[in-house]
Structure formats: structure tokens, C-alpha cells
Amino acid sequence: MNASPPPPDAAAASADLAQLHALMRARDFAAALTAGEAVLAASPTHRDARLLVAIAQRYLGRTADALRTLATLQQQYPRFSRLYEERGRCYVELRQAPEAIQAFLTAVNLNHALPGSWSMLEGLYRMTGEAQNEAMAGSHVATLKKIPADIVAATAFFMDGNLMPHMEFSHLEFRKGETFNEQVGEAARKKIGDERWNKRVRKAIAYLNALTFFDHLYIGGGNGGRVNRRDLGELLERITVVDNKAGILGGIKLWDAHHVGVEGAPQ
């Protein structure tokens, strides 16, 4: 899922795209291919339609055509992780394990929360006798299975290097049927005390790391200073506690970076 708004031509084809999704769910791949090609005729840069065309082509046994479709998609959206995942599946169909592994690795490097790609990597590494890599992929599969589905789905907001505006992890289910806010918010801290609260914070950080493999995590907010850094283990060197004002200043900086030269943007 691309966080960027669709181009105008893609928006105009939304009704046809809905039909395409329905045909794919019904596994009517021949009709889906026809519908997808119609969408692309009207909107040549429609990302999701081109991906679905490639998937339909693969299911119809037209793997070479699917790879050509994905090559075009890569030219248009080079950081779209799902195209590499689909390319990996095409190479699996062709029984080309090294190429499949490379494609799936590219996919998970762009979007770490792709259970399908990790699972395929685990199987491919097992087949090629790479035990260490098999264990690595298997650990990611196991980790993603432990995380609530809503949280895994939310990583769509991080795909392809884009963030959706106003992303609220706090309202997603975290553990025991409660949201992040209910588990690690101020009310929870006051109720269970700092020691138990810090254990929950460490679990929340581990979830975020499993989903996004963050380069560096900045923790702010009123309770940032209460986080026990000594218990963060190997993640400590990638975590910094910052002042609340950093979020405000960072937001201004992002706005300036994305709106330079746009009429009406703050200067």
C-alpha cells in the first residue's frame, strides 16, 4: 500500500480496480487480467493494477509475461516491496531459487513485515541447505505470528519508504486485547508502577523493531524520562530519549522539506 495519494488517472479508474480485486478474490484470473489491462490502458502508472496484472499472469502460467510486467512496475515504483515479493513467486514457479531468494530479500528489506516473503525465504533456505539463513527467516516468521494482526497490517503505512500522516499506533491492539495506549499510557503506569510499566515498554519497543527494523528510535513524551535504559539490552545503542519539543521541531522540519517552493507553504 503506497502512502502517496494515487495520481488522477488512477483515481478515475477506481471503479474498475474494485472489479479487478473482486475477480482476483474469485480466482477468475482470465477476467482479472482483462480488467487489469483495461485499468492500465486508462491509467498506465496505476501501481496496484499493474501488480495485480502480474499476479494474474502468473496464475495463468504466463510467468515470462508477469516478469516483464514487474519490470515495468519497477521502473515506475522502484521501492514498491510487493513487486519484489511477486517477482520472487515468479522465480519459484520457474524453480530458480537464487533469483527467488534475491527477490524476497529485496522485498523484506523494503518492508520487514511481509510474512509471505519471510515464509518463502525460510523454505528456500531449507531447500538450498542454508541452515543459518533458514533459522533467521524462521525467527521472523515466528515473531510476526506473535504480533497482533492489526499491528502487522499497520506496517502498510511504512511500506516503500512512505509514512501515512497522523499514524496512531496508540490505538492499535497491543496485547491482552488492549491498545498500546491502554497498556503503556500514563493511567497504566500509575496503576501498575514503573517496574511493570517498563517491562511493557520493552515489549512495545520489541514489536516496533520487529515490524520496522528501525535504524534509530527516539522516545519522547512526558514519560520518556521514566524509561529504564539499562534494561533495553542490545537495542540501547539505537534508542534515544528526547525532549517533547523535538517532535514539534521535527514536524516543522518535515513540512519545510516536503513543501519547499509550494505556494502557501511555511518558509
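The values are calculated or read from the model by the stated rules, or taken from the named source; none is laboratory data. Keep in mind that this is a model prediction, so the values were computed, not measured. Here Cβ is always computed from backbone atoms with ideal geometry, including for glycine, and neighbour counts include all displayed protein chains.
Kindly indicate whether Ala113 is among the hydrophobic types (A, V, I, L, M, F, W, C) and part of a loop (DSSP other than H, G, I, E, B). So Ala113 fits the description; yes.
The rows are residues; the columns are (1) surrounded by fewer than 23 Cβ atoms within 10 Å (Cβ to Cβ); (2) modelled with pLDDT of 95 or more.
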| residue | (1), (2) |
| --- | --- |
| Ala54 | no, yes |
| Tyr59 | yes, yes |
| Asp65 | yes, yes |
| Thr72 | yes, yes |
| Arg87 | no, yes |
| Ala107 | no, no |
| Ser119 | yes, no |
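Against the definition (within 28 Å of Ala204 (Cβ to Cβ) and over 18 Å from the mean Cα position of the chain (by Cα)), how does Ala135 come out, yes or no? Considered against the rule, which asks whether it is within 28 Å of Ala204 (Cβ to Cβ) and over 18 Å from the mean Cα position of the chain (by Cα), Ala135 comes out as yes. For the range 83-121, a tally of residues being closer than 22 Å to Tyr207 by Cα, within 15 Å of the chain's Cα centre (by Cα) and of a type outside the set (A, V, I, L, M, F, W, C) returns 7.
For the range 82-110, a tally of residues being part of a loop (DSSP other than H, G, I, E, B) and of a type in the set (D, E, K, R) returns 1. Every test in (1) under 24 Å from Ala26 (Cα atoms); (2) in a helix (DSSP H, G or I) is passed by Gly61 save one, and that test is (2).
For the range 217-239, the count of residues that are part of a loop (DSSP other than H, G, I, E, B) and acidic (Asp, Glu) is zero. Arg79 meets each of the listed conditions (1) modelled with pLDDT of 95 or more; (2) part of a loop (DSSP other than H, G, I, E, B); (3) in contact with a helix residue (DSSP H, G or I) (Cβ under 7 Å, 6 or more places away or on another chain) apart from (1). Scanning the range 43-66 for residues that are in contact with a Leu (Cβ under 8 Å, 6 or more places away or on another chain) and of a type in the set (A, V, I, L, M) yields Ala49, Leu51, Leu52, Val53, Ala54, Ala56, Leu60.
Determine whether Arg202 is basic (Lys, Arg), touching a residue at least 24 places away in the same chain (Cβ under 8 Å) and either loosely packed, with under 13 Cβ neighbours inside 10 Å or not in a strand (DSSP E or B) (or both). In short, yes. Looking across the range 209-218, the residues that are surrounded by fewer than 16 Cβ atoms within 10 Å (Cβ to Cβ) and at pLDDT 75 or above come down to Phe214, Asp215, His216, Leu217, Tyr218. Regarding the range 236-246, can at least one residue be identified that is surrounded by fewer than 16 Cβ atoms within 10 Å (Cβ to Cβ), touching a helix residue (DSSP H, G or I) at 6+ places or on another chain (Cβ under 7 Å), under 30 Å from Pro115 (Cα atoms) and modelled with pLDDT of 65 or more? Yes, the range 236-246 contains at least one residue that is surrounded by fewer than 16 Cβ atoms within 10 Å (Cβ to Cβ), touching a helix residue (DSSP H, G or I) at 6+ places or on another chain (Cβ under 7 Å), under 30 Å from Pro115 (Cα atoms) and modelled with pLDDT of 65 or more.
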